[in-house]
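In what follows, a structure is listed as structure tokens, so that the remarks can point back to it.
Every number in this text was worked out from the coordinates using simple rules, so none of it is lab data. This is a predicted model, so every value here is computed, not measured. As a convention, Cβ positions derive from the backbone with ideal geometry for all residues, glycine included, and neighbour counts pool all protein chains shown.
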Amino acid sequence: MGQIFTEDHDQFRHSLRSFVEKEITPNVLEWEAEGQVPRSFFKKLGDLGFLGIRLGEEYGGSGLDFLYTTVLVQELMQCGSVGVPVAAMAHAEFATKIIERAGSDDLKDEYLRDAVAGNIIGALGLTEPGAGSDVAAIRTRAVRDGDDYVINGSKVFITNGTIADFITTGVRTGEDGYTGMSLLVVPADTKGLTRRRLKKIGTHSSDTAELFFDDCRVPARNLLGPEGGGFKPLMQGFEGERMVLSVIACAQMRLMWEAARQHGHDRKAFGQTLLEFQVWQHRLADVITSIEAAEALMYRGIDMYVRGEPCNAEISMSKLFATETALTVARECAQIHGGMSHMEECGMARLYRDSLAFTIGAGTSEVLRTIIANDKGLAKRRDHK
Ligand SMILES: Cc1cc2nc3c(=O)[nH]c(=O)nc-3n(C[C@H](O)[C@H](O)[C@H](O)COP(=O)(O)OP(=O)(O)OC[C@H]3O[C@@H](n4cnc5c(N)ncnc54)[C@H](O)[C@@H]3O)c2cc1C
């Protein structure tokens, strides 16, 4: 870790750590109960420049590399609530970065400065009741009518969905398949857009919603890139999203490991501490070995990405391994906590349930295995002549 980060990254980490300790951690229980982070959370992050790390300076961003995003996510995770970095990243990395990547200059002017400042909040709306892993199967339709598009359809599981001011939305503007897909920035106050918050079993501090578009009229200038050109920027965005989830999973595993180690040293049974039983020494030895392996894969993917090397498979491996490992680590670290792991007042309980969504969001484990298999030529038939 020390080798990949520079002194500048370390300073950035230092400034974030005190911010998280003072401004975020004390509020986490309240945000978990409310089912969302407040608007002031985004404003504070924006004021300190944390929302524009990867965006251009002309929009108030800092144009820095993904390692700074890594540090940001790792430090936000120190609050112990996965929904917090998820809310920040759904805005800064998922919904906003794609506008910079594919939007017109006018659209960037209209949205990016305010997004970087935390004045407005973004969400990325792709998944539909009938289309998740198969992104190119979306059916929400946008039909050109004069200078507008008229949108009809629905989205589901959208992070920041009810609190967002704009939704970067995947729509169908043409034929079936990925060539008929486009991206439109939909202002949340558009007439005909309604939203419903969903109740989840984890990541409670992050708002997740269902969106309904009923004859929503959006200016055609809100299109990102050419009509039918939505698939490519989306796929490029997935690399960042998957790395973010790898970083969250690895940081979360570290927290669970620390909690388990502490508890193992403190808790006594049959006249000795739990960690005086060799079985728990071995189980936690396996836990930390898995975490170090996940981190090594994660840093490899990030390093390749930062250096501009093709790394779709490596990032997929990293997200697959980190998120699947987090499930095992969560179970082990919960087990050593005994009954306490099931109590709402125990931080471990929150970490445990928060680990469940990682293998689903931003590409399920099965989708990632398919990407890896294709990259390694596993799906190709061998000629046995
Ligand atoms: C907490 C949370 C936050 C989310 N935030 C967002 C968001 O901000 N924006 C957004 O657009 N979406 C969001 N999602 C949705 C997420 O991206 C989808 O849930 C995910 O892509 C899977 O789609 P699905 O739920 O429709 O499952 P499905 O695609 O129906 O998959 C169901 C199961 O079938 C498997 N499967 C599918 N295809 C194959 C195949 N070819 N081979 C083998 N197995 C397969 C899947 O791996 C999965 O196990 C979020 C989801 C969660 C849980």
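Calculated FRET efficiency, Phe212 and Phe19, Cβ-Cβ r, R0 41 Å, to nearest 0.05? Using R0 = 41 Å, I get an efficiency of 0.65. Taking R0 as 35 Å, what's the FRET efficiency between Ile4 and Ala220 from their Cβ-Cβ distance, rounded to 0.05? The value I calculate is 0.20.
For the chain, dividing the convex hull volume of the Cα atoms by the residue count gives 159 Å³ per residue.
Once the Cβ-Cβ distance between Glu276 and Ile360 is put in as r, and R0 is 45 Å, what FRET efficiency do you end up with, to the nearest 0.05? Write down the numbers at each step before the final one.
Working: r = 38 Å, r/R0 = 0.85.
It comes out at approximately 0.75.
Distance between the 7 Å Cα→Cβ label points at Arg331 and Arg139: 3.6 nm.
The amide H of Asp148, built 1.01 Å from its N in the peptide plane, has Ala220 as neighbours under 5 Å, considering only residues 5 or more places off or on other chains. Would you mind checking Lys155/Lys200; Lys155/Lys380; Lys44/Lys97; Lys268/Lys319 for any pair whose Cα atoms are more than 25 angstrom apart? The answer is Lys155/Lys380; Lys268/Lys319. Between Gly271, Gly228, Gly161, the residue with the greatest mean-square fluctuation in the GNM of the chain (Cα pairs under 10 Å linked by springs) is Gly271. Label zone (Ser40, point 7 Å along Cα-to-C-beta; backbone nitrogen cut-off 13 Å) within region 103-123: none.
Full extension of the chain between Ala33 and Asp65 gives 8.1 nm of extra length, using 0.36 nm per residue less the Cα-Cα distance.
The relative contact order of region 123-228 comes to 32 percent, based on Cα pairs under 8 Å that sit 6 or more residues apart. Calculated mean residue ellipticity, 222 nm, the chain: -15000 deg cm²/dmol, from DSSP H runs (n ≥ 4) at -39500 (n - 2.57) each, averaged per residue and rounded to 500.
Across region 7-121, how large is the tail of the calculated P(r) beyond 23 Å, expressed as a percent of all Cα pairs?
On the way: 1653 of 6555 pairs.
For region 7-121, the share of Cα pairs beyond 23 Å comes to 25 percent.
For the pair region 3-30 / region 198-248, the C-alpha centres are spaced 27 Å from each other. Scanning residues 5 or more positions from Ser104 or on other chains, those with amide H under 5 Å from its amide H are Gly225, with H placed 1.01 Å from N in the peptide plane.
Neighbouring Cβ atoms within 10 Å as the yardstick, rank Met243, Met340 fewest first.
Values: Met243 27, Met340 14.
So the residues, fewest neighbours to most, are Met340, Met243.
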